[in-house]
Amino acid sequence: GQLGNGSSSNNPHPTPARVTDPDPNTTWTTISAGDEHSLAIDNNGHAYSWGFNGVGELGNGSSDRNPTPRPRA
């Protein structure tokens, strides 16, 4: 789920993948990729996270996997 494109496959993805935008008008201003998760901020200042989340790195209070961007703040 680190790619943010809705996939949770363990297969490598050697080419860029478009993030599944939560809204068609989303404009990302900042994106940060971790080892098993990613974080981003949109043009409205909202924070999003997605990825493996095995130890709560998405900041949503769970350890559930999340393959698509979800708002956090």
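The values are calculated or read from the model by the stated rules, or taken from the named source; none is laboratory data. Just so it is clear, the model here is predicted, and its values are computed rather than measured. FYI the Cβ positions are ideal-geometry reconstructions off the backbone, even for glycines, and counts take in every protein chain you see.
Restricting to region 38-73, and then to whatever is of a type in the set (V, I, T) and without any contact (Cβ under 8 Å) to a residue 40 or more places away in the chain, can you tell me which residue is surrounded by the fewest Cβ atoms within 10 Å (Cβ to Cβ)?
V55
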Region 16-37, subset at pLDDT 85 or above and under 13 Å from P71 (Cα atoms), residue surrounded by the fewest Cβ atoms within 10 Å (Cβ to Cβ): W28
Looking only at region 53-73, count every residue that is within 9 Å of the chain's Cα centre (by Cα) and over 16 Å from T20 (Cα atoms) and tell me the total. 1
